[in-house]
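Have a look at this one before I ask anything.
The values are calculated or read from the model by the stated rules, or taken from the named source; none is laboratory data. Being a predicted model, the structure only gives us computed values, none of them experimental. When we count neighbours, we look across all protein chains shown, and the Cβ atoms used for this are built from the backbone with ideal geometry, even at glycine. Side chains are part of the model used for accessible areas, which takes the heavy atoms of the whole protein and leaves out ligands, DNA and RNA. Shrake-Rupley method; radii C 1.70, N 1.55, O 1.52, S 1.80 Å.
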Amino acid sequence: ARVRRADLAAARAAATLTAEERTHAAADQARVAAEAARKSELAGVARAALLGGVDADTVERDLARAVEEARALSESRAAQAQRLAQDAIASRTAATAKAAERDQRHAERETARAAVDEALQALGIDEAGLRARLVRDARWRDETRKQITNVDAAVTEAATREGERQRAAVHHASQGAPPQDRATLEAEMPVVEATLRAADDAWTAARAALIQDDERRVRASALLPALQAQRAISERWEVINKLIGSATGKVFRQFAQSLTLNILLVEANVQLASLSRRYQLQRVPKEEMELQVVDMDMAEQVRPLTSLSGGETFLVSLSLALGLSALASTSTRIESIFIDEGFGTLDADTLDVALSTLEGLKAEGRTVGVISHVGGLAEKIGTWVAVEKVAPGRSRVKIETG
């Protein structure tokens, strides 16, 4: 019992010591916990001041969204840079082709020049002489051609007459007919001399007429500049009369509309060049308001608008609309443009080109609205209005952002 009590006393003393140690340890842990709580509170205050009172999860989500948007923008800029590089390569290729075509045309011009010089040398005249002859009017050419025709006819008649006389002489010689005697020839001499004098008089009259004609030509040449100036004035008034001479004004209205259409085609071709380098718009010859396209990929083949596919028709229509907008913006600025459907006929590359053009209009400060049922189009537009069918006869409209 004494041993047992001694063991119990030792155990109690050890337990008391252990309890005191645990009490001291608990006190130390409480101090550490209090210090940690104080530091946590200070950190919370600092974080709130740093984040402006916004929850950390919200800030983290915003940062993640900003990173995704920056990544998407970087990919879009990279794709755009690639397209620009491809356009630059195409431009260099086109410039090389144009240079080759220019050299070919220069060579053809030199060849033609050499042929002209050879022809002038064969004719025995120089370029100045040729130009002097080319300034003659149509009347002079007609008269000269008539004189040449008359001379050719006279030569032909003389040759025919000479042949007949030679045949008659041969026939006369073959008949053994004696030549005429001197008395007969002397009797015929006055008739021959009278014929010769008449021929001399005719030649003198023709010479005088030729001299008078030369004098008239000189006077006509002096009057030619005034005649040409008056003819130009007359032609101008004749054109004006054709344009505005109708009583209803229809001719002048069509003329004014054709001028506006020409300006519109210039603006539309500028827009179409950024959408599709394959086509160019032009007017149909001898038609008032008809259009056609030139296919640059098919050796500049002219095609009617009805031969275009749905996507090509959409691009042409979009270029005309943008050209009309540019034409109208000279006096009144058009702040918004709406496009209804047509995107479903475009392939992915053409759709990107069209959207890049619309983004350029947006960058200029215009509002661009697109109405379409193509689902993939919403992914390429930042903000859109979605119309969802709720029930028969009922729909719901909501605004969404990408």
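Would you point out which residue out of Arg92, Arg77, Arg83 is farther than 20 Å from Arg278 by Cβ and not aliphatic (A, V, I, L, M)? Quick ask: steps written out before the conclusion?
Values: Arg92 fails: farther than 20 Å from Arg278 by Cβ; Arg83 fails: farther than 20 Å from Arg278 by Cβ.
Just a single option satisfies the conditions, and that option is Arg77.
Restricting to strands (runs of 3 or more DSSP E) lying wholly in region 244-321: which have 2 or more residues that are surrounded by 14 or more Cβ atoms within 10 Å (Cβ to Cβ) and touching a Phe, Trp or Tyr at 6+ places or on another chain (Cβ under 8 Å)?
Working: elements: 279-283, 291-295, 301-304.
Once the strands (runs of 3 or more DSSP E) in region 244-321 are filtered for at least 2 residues that are surrounded by 14 or more Cβ atoms within 10 Å (Cβ to Cβ) and touching a Phe, Trp or Tyr at 6+ places or on another chain (Cβ under 8 Å), what remains is 291-295.
From Glu238, Glu215, which residue is without any contact (Cβ under 8 Å) to a residue 60 or more places away in the chain and under 42 Å from the mean Cα position of the chain (by Cα)?
On the way: Glu215 fails: under 42 Å from the mean Cα position of the chain (by Cα).
After ruling out the rest, the residue left standing is Glu238.
How many residues, within region 101-134, are at pLDDT 85 or above and open to solvent by 60 Å² or more (accessible area, probe 1.4 Å)?
10
Between residues in region 361-375 that are open to solvent by less than 90 Å² (accessible area, probe 1.4 Å) and residues that are of a type in the set (Ser, Thr, Tyr), which pairs lie under 7 Å by C-beta distance while being six or more apart or on different chains?
These pairs meet every condition: Arg366/Ser336; Thr367/Ser336; Gly369/Ser336.
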